[in-house]
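The next block holds one structure in the form of structure tokens; read it before the comments.
What follows is calculated from the coordinates using simple rules that are stated; it is not laboratory data. Every value quoted in this text rests on a predicted model; they were computed, and no experiment measured them. So basically every Cβ, Gly included, is an ideal-geometry build from the backbone, and we count neighbours across all protein chains shown.
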Amino acid sequence: MLIFIKLGGSLITDKRQERAFRADEMTRLAQEVATARNNNPDLNLLIGHGSGSFGHVAASKHGTMQGVSTTEQWRGFAEVALTAADLNFRVATALFEAGVPVLSVQPSASARCEDGGLLIMNIYSIKAALTHGLVPLIYGDVAFDDDRGGTIISTETVMSYVAEDVPVNQILLLGEVEGVLDTDGTLIPEITPQNIRTYADALGGSAGTDVTGGMYTKVQDMLKLVMSLSGLTIRIFDGREPGLLQATLNGEAQPGTLIHYPQY
């Protein structure tokens, strides 16, 4: 079984303070991943993480997602890449020290975009890592763009691209809320292509700085994915609750909001 885990930037950083890494939170999550793998040796994982107060703050400052052309903007492009890689190193270190054999894969090393959309990215190393029992670690990053010069690709975009060629069973998106919430703050237990319009107002955005579109964009991207990949299920839930990630990985919990494509 292959599961993709996305650790939200709001979970592992304080998105309201620049480069504020939540080391204790990341250590706990890493230990839960390690324990889940020990409990189930057949569990294959790919882990991704958001950029939070690292890459998002720098990208917002330089307007990197909209395009890169001037010398100052290209320096900003390099700064975004540097800060995103900085956070990635911290996440990788926490996972490795917990006993998870992670292998970081830098999206910007091979990604090519066209008007903000990901055209191509080399995923050979990701597939090889999974074959050999390693855990690939990806993240939101900068990318060269045929039209814009440069742009930003989100972790979900990279995951979706990988999922087109790697048979994933489940995607877990962890943030700092219990799931997707309605306008009155109640949990939306299930989102499907059939009911998404009902909740459009509730998916307006996320707290802090997020240059990749907030919750609405993430949910829309995940809906497209479940519609294109038969049997895939996606859960959005609160990564702050101790033990919940481990229980979910081991099939002992079904938390948060389920995104799927029911075949009626």
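Compute the whole-percent fraction of alpha carbon pairs in region 2-259 spaced more than 36 Å apart. That tail contains 7 percent of the Cα-Cα pairs. Amide H to amide H distances under 5 Å link L229 with no residue, where only residues 5 or more positions off or on other chains count and H is placed in the peptide plane.
Each of E25, E252 was scored by other Cβ atoms within 10 Å of its Cβ. Arranged with the fewest first, they read E252, E25. Counting beta carbons within 10 Å around each of F4, F54 and listing the fewest first gives the order F4, F54. Subtracting the Cα-Cα distance of D86 and E190 from their residue separation scaled by 0.36 nm leaves 33.9 nm.
Past the 19 Å Cα-Cα mark, which pairs from K61/K218; K15/K218; K6/K218?
K61/K218
Estimated at 0.36 nm per residue, the fully extended path between R19 and E97 surpasses their Cα-Cα distance by 25.9 nm.
Region 161-203 and region 1-50 have Cα centres separated by 18 Å.
For the chain, with a Gaussian network of springs between Cα atoms less than 10 Å apart, report the residue from G150, G140, G99 with the top mean-square fluctuation. Of G150, G140, G99, the most mobile in the Gaussian network model is G99. Modelled label positions at T131 and T71, each set 7 Å beyond Cα in the direction of Cβ, lie 4.6 nm from each other. Ordered by the number of other Cβ atoms lying within 10 Å of each residue's own Cβ, fewest first, D182, D221 fall into the sequence D182, D221. If a spin label sat at a point 7 angstrom from the Cα of R112 along the line to its beta carbon, the backbone N atoms of region 147-177 nearer than 16 Å would be those of 147-151. Considering only beta bridges that DSSP places wholly inside region 2-259, some 30 percent are antiparallel. The HN-Hα couplings worked out from phi for region 219-229 by the Karplus form 6.51 cos²θ - 1.76 cosθ + 1.60 (θ = phi - 60°) are 5, 4, 4, 5, 4, 4, 5, 5, 6, 9, 10 Hz, whole numbers, x standing for Gly and Pro. Rounded to the nearest 20 debye, the dipole size of region 2-259 about its Cα centre is 320 debye, using +1 on the Cβ of Lys and Arg and -1 on the Cβ of Asp and Glu.
Each of M215, L229, A109 was scored by the projection of its Cα onto the charge dipole of the chain, and the greatest displacement toward the positive side belongs to A109; charges sit on the C-beta of Lys, Arg, Asp and Glu.
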